[in-house]
Amino acid sequence: MSDGLSSRRGFLASSAVLAGTALAGCSGGTASSSDTVTLGILEDRSGNFALVGDPKHKASLLAIEEINADGGIMGNEIEVFDPDPQSDNQRYQELTDRAIRQENVDALWAGYSSATREAIRPIINRNEQLYFYTTQYEGGVCDKTTFAVGPTARQQLGTVLPYLREEFGPDIYTIAADYNFGQLSADWVKVLANENDANVLGEEFIPLSETDFSSTINNIQEADPDFVMSMLVGANHTSFYEQKASAGLDIPIGTSTAMAQGYEHRRISPPAMANIYAGVNYMEEVPTESNTNDGGFVDRYFDMYPDAPYLNEEAETNYFSMYMYKEAVEQAGTFEQPEVIEALESGISLGTERAPEAPEGQTIELDGATHHVDHHMWVMKADEDHNIEAVENRKVPETFLSETVGCDLREEAEQTQYTPVDYYQEAK
Amino acid sequence: MVNGVNLFFQFLDSFGFIVLSAIGLAIIFGMMGVINLAHGELIMIGAYGTTLSFNAGAPLLLAMAVGVISAAAAGLVIERTIVKRLYQRPLDSMVATWALGLAMTQMVRIIFGNSLSGIGLPLGAIQYGQFSYSMYRTLLSVVALVVLLGAYVVFTRTEFGIRARATIQDDDTARAMGIDTDRMYTATFVIGCALAGLTGALYAPALAVVPGMGSSFLVEAFVAVVTGGTSVLLGTTLAAGVLGTANAFFTNLYGTFIGQVAMLIVAILILRFLPTGLSGVVETVRGQMERES
Amino acid sequence: MSEHSLIDRFRGRFEGPNTIGNSRGFWVGFAVALAVAFAYPIFVSNYQAGNLALFLIYAILALSLSVVWGYSGVLSFGQVVFFGFAGYTFGIVTLNIQSTVGIMMAIPIAVGVATLVAFTLGYFMFYGKVTGVFVAIITLVSTIVLQTFMAQTAGSEWAIGKAQLGGFNGMPGIPNIALGVGETSVAFSGKLFYWLCLVLLVLSYFGLRALTNGRFGYAMVGVREDEDRVEMLGYDIRKVKLTVFTVGGAIAGLAGVLYAAWGNYIDPTVFSLTFATFPVIWVTVGGRESLLGAVLATVSLEWFRQQLAITGSEYALVVVGLLLLVVVLVLPDGIVPYVHEKAVSAYREYNDEVDRSVGSSTEEEIPE
């Protein structure tokens, strides 16, 4: 239709574009005024990872509220930029970019999955943004501005595997989610088996979308191990525990992922999670005084969020890392990120008050060289009624980067992720 | 190592899963040309209805009935408001129902939170040698067959069924003969949704009950419906049979990942080389045999 | 209107009944909008320019679907397959040949790979007489297969040369687009990158306008409207569909390259069911049969979704879902054609009024 009528339409088109661009430009950022500091908290509150991401968000906000009630950081009140990335890595990239360049956050907490971390790390690195990654992960990230303060696979598996080997015997069967975290964790199982005089009879990798574990259960029965190491991830994989119980498969299972993050022991009927041993730095049931006492961490969390279903592993990491940040800023005397990073690299330790994973009188340390944390680890066992009992606990330092790889970010700024296959024959 | 008995149970499991995932979608698509991408969410509603009633104290079978009814009710509302404008517009119905599904998932998340306490799997295990298999999941494959049989009986032997098929085949003539075609379409859609709800109810004890759970069913349902072809019931059965075999066989040999990919590749090959679907092939063969006799 | 000036010849190539906007008024408005778009980065920060650049990249992806679906009736969920292939190829080549030369080589190679994949998939489908919904299903299943496959390529054995595929964690470290050699090379980031994307979007748009308004365009539309008749007229519809599908693949590939360079990263979520549906949503809302509609809808919808995500409201996804639902139900041809219709009828009424009051002497000649 080539007539003058289209001119009206043409102008409609151009004004739409105009309005669009003007609006896009007008979504202004909050400029931090001189007595506030803006922190970015990007955690999933919808989408696939909402179940595990929501407690992280809540715990960060709890820490911030406590700090603000106490006068803030160096007298500055903390303000939060906390949009919902919707478990979408694309969103994470956009929002991270915005957090850094528009909202000018002084520090950033972002992401549940390793994939998210890797998606935003280029943006983080480009802008040399101080970044706390708080989820348990496969380990190995040696990055100048990234502080991966959650427990690593080596720390978690390295706590529970030796215990189970002692208790039950040397034969292991590994089942893991079929992606980086699962595969690298399985590599660590092989390394740890070697170090603990155990054998891995077989490994099985299951796609994240799979909900039918009948063949896996049959494979376990055929291999007949002494115990199983499970690094299954996500809501779909939860069905494994149901199905194994229903099939009468009664074998002890060591895990770094079940119960502590997605509270399966609360959601699935007993006795599906019986004889599951979680190797974690924290779970809601961790029996330290600062955690379970009246007015302790659990109480404070549920006071603020009475409808929350569970206080999970990563939430505690979000919580204590906020306090680590506060200490580092106070030590550095400024919010400028390079100075704060330097303060963090001098090594920060937190007592049980701020890090409820540590028992009375004990501490956890941020290792300045590797930007990882020497955690206090627990082996938490679920019984037939899904009551959780702590059967072992000890301090487990981070060793892969500090001892095996020799990553020292105080000497040399890097932005790499190291994997066990490059350092251990048995991981191949 | 392909252990025959294992393979058999795994096949039954896969077969049952595919049939139950697909049957609701197949009826709606086959009968009305509507592609209901909110199918997964209707399954989710069935699961939620079941789990919520069970947690409130209802016995399992009653809770499942509640699940089915919830999904059917949701289906009724959806049909009256949205779907009836989209008949014979398969592509538009895809987009509209996908959008609806998105909104539904999030609404459920907002109202009920990120997960519900689950129902345990009843009935224990079947033991054979060193292996065992969940009795309940094996039973589901039987239920799947019963559902197929039931649908067959309803659509071929009952008054309602015959009228429904008449409407689908030629709705002008049907209307001329006094059939209320609007009611027929609504009823068929509701039945499809009720079946989806049944799937959700049946699988609720076996899976994590989360708002996004529908997506685990959607791909298999879709693929089965389309490879099944024009005849709804025959197609679904054949598709579940072929795809289930591919899945079970390759999983047994090479692991779950290969099993899934193999199943999808088989589906693509069927779509490419058998344009009328599996049931189309059967019809053709049957036609040829009749001609020869 | 009988002089064959340069402008008229230009307009002749890009105008026709298959695209909206063929009057002088339209082109003036278009030029104004384009000028604004070019001027945008001057007034905003690097971040905002980079942010809008992402939406422009999506718009190119939308164009690839618009020409395949809107103009030839082939609903493909597979545009993201070509998008992803190109992105990954770009990453693989640039990580292996780490220089500007490598980057410049990577762009045509990546687009070439995407085109080849589109050609292969298209051949497989159209020469097998697969049509309609089944094309949609096959393309949908392909994306899922790719996602499942790529998500498990985490081990170090999954590497092509120096480039690790990275599995679920994706492939980081992809460089920005850069042109030139050695000292004279220019890297495209921030505002420069925005301009690059805008230029490529405009070129794609005009390229497709020419295609749809030319002889081939009529064949495309014919295939969409009535395949059998077009076949009887002597066209090989399989060839038509395959050609369009391949062109769509190339354009999606171009978008994929830009995308990988935008985030310096790519991962298997580009093959996910959700992302595969987005182009369908964008094109549906914008108007299936309108190239411009696809572009406008993409930019607006993505901007809108981003704003919702920033608010952190838990209703964000509900709003998006309901909005789409309403658009499909109420405006099945999309927003832009609807707006066009309204504008047309409004203008006609206005014209009639003027004629009635003034008399017929000033009747404007309406060129066809």
- Message: Taking only the Cα atoms of the range C:106-168, how large is their convex hull per residue, in Å³?
- Response: 99 Å³
- Item | Principal axis dimensions, largest first and in whole angstrom, of the protein assembly as shown by Cα | 97, 80, 51
- MRE, 222 nm, helices only [DSSP H, n ≥ 4, -39500 (n - 2.57), over chain A, to nearest 500]: -12500 deg cm²/dmol
- Message: Order A:114-122, A:292-300 from most to least packed using the mean count of other Cβ atoms within 10 Å.
- Response: A:114-122, A:292-300
- Query: Counting partner chain Cβ atoms within 10 Å of every residue's Cβ in C:261-267, what's the average?
  - Reply: 5
- Over the alpha-carbon set of the range B:1-94, work out the extent along each principal axis and list the three values in angstrom, largest first. 51, 37, 16
- Query: Taking R0 as 22 Å, what's the FRET efficiency between C:T120 and C:T274 from their Cβ-Cβ distance, rounded to 0.05?
  - Reply: 0.35
- Sorted on mean Cβ neighbours within 10 Å (highest first), peptides B:195-208, C:31-44, B:127-140 come out as B:195-208, B:127-140, C:31-44
- Compactness index (Cα Rg / 2.2 N^0.38 Å), the range B:4-212: 1.09
- Among A:K381, A:K326, which comes first, then next, by fewest other beta-carbon atoms within 10 Å? A:K326, A:K381
- For B:L76 and A:D250, what is the calculated FRET efficiency with R₀ set at 41 Å and r taken between the beta-carbons, to the nearest 0.05? 0.35
- What helix-only [θ] at 222 nm does chain B give? Using -39500 (n - 2.57) per DSSP H run of at least 4, over all residues, to the nearest 500, the answer is -26000 deg cm²/dmol
- Among beta bridges assigned by DSSP with both residues in the protein assembly as shown, the antiparallel ones amount in percent, to the nearest 5, to 50 percent
- For n ≥ 4 DSSP H runs only, could you compute -39500 (n - 2.57) per run for chain C, divide by its residues and tell me the 222 nm figure to the nearest 500? -23500 deg cm²/dmol
- Which whole number gives the average, over all residues in C:337-346, of C-beta atoms from other chains lying within 10 Å of the residue C-beta? 4
- Task: Would you mind computing Rg(Cα) / (2.2 N^0.38 Å) for the range A:223-265, counting N as its residues?
- Result: 1.13
- Query: Where Lys and Arg each count +1 and Asp and Glu each count -1, what net charge lies around C:Y71 among other residues with Cβ under 13 Å from its Cβ?
  - Reply: +2
- Note on the structure: Exposure-ranked with fewest Cβ neighbours within 10 Å first, A:T363, B:T256 stand as A:T363, B:T256
- With chain C treated as a Gaussian network of Cα nodes joined by springs under 10 Å, which of C:S313, C:S204, C:S99 yields the largest mean-square fluctuation? C:S313
- Over chain A, calculate the relative contact order: mean separation of alpha carbon pairs under 8 Å at least 6 apart, over the residue count, as a percent. 17 percent
- Message: What does the net charge come to around B:S231 if you take all other residues with beta carbon closer than 12 Å to its beta carbon, with K and R at +1 and D and E at -1?
- Response: +1
- Item | Test item: A:44-52 mean partner chain Cβ contacts at 10 Å | 6
- Message: For a test of the definition: using alpha carbon positions, the gyration tensor, and the 1.5 limit on a/c, classify the range A:79-178 as rounded, prolate or oblate.
- Response: prolate
- Message: Using the Kirkwood formula on the Cα atoms of chain C, what hydrodynamic radius do you get, in angstrom to one decimal?
- Response: 22.0 Å
- Item | Mean Cα-pair separation over length for the range C:18-270, i.e. relative contact order, pairs under 8 Å, 6 or more apart, % | 38 percent
- Message: Looking at chain C as a GNM with Cα springs under 10 Å, which of C:L329, C:L200, C:L242 has the largest mean-square fluctuation?
- Response: C:L329
- Among B:A239, B:A151, B:A72, determine the one that fluctuates most according to a GNM of chain B built with springs between C-alpha atoms less than 10 Å apart. B:A151
- Message: Cβ neighbours within 10 Å, averaged per peptide: list C:147-153, A:253-259 in order, most packed at the top.
- Response: A:253-259, C:147-153
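Only the coordinates and a few stated rules stand behind these numbers; no lab work does. Because the structure is a prediction, the values reported are computed rather than measured. No Cβ is skipped: glycine too gets one built from the backbone with ideal geometry, and neighbour counts run over all protein chains shown.
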